[in-house]
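Throughout, read-outs are computed from the coordinates displayed, never taken from laboratory work. Since this is a predicted model, take the numbers as computed values, not measurements.
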């Protein structure tokens, strides 16, 4: 019924635009997650950090892309919790 009023082409176009917006938002969150995790760890990300980035991105998406949830997920992540603190040199 809805497709008769709007038309199939417009309906599909709206779906594709919505899908594109979600894909861009997810890509943006993943990029910011990588940058924030790199900064917080004090080292570059490695191949074994990829599952952590994906898990953080999934949790942030579930929390409506809030920045506070991004920061909390980075702090709760295993690489952040397991990093060692070097002694300060005089």
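Can you tell me the 0 to 90 degree angle between the C-alpha axis of helix 67-76 and the longest principal axis of the chain, rounded to 10?
Between helix and principal axis, roughly 40 degrees.
Among (i) 2, 13, 19, 16, 12, 9, 8, 7, 5, 4, 2, 1, 1, 1, 0, 0; (ii) 3, 14, 25, 24, 18, 12, 4, 1; (iii) 2, 10, 6, 7, 6, 6, 7, 5, 6, 5, 5, 4, 4, 4, 4, 3, 3, 3, 2, 2, 2, 2, 1, 1, 0, which one is P(r) over Cα pairs in 5 Å bins from 0, in percent computed from these coordinates?
For P(r) over Cα pairs in 5 Å bins from 0, in percent, the calculated option is (i).
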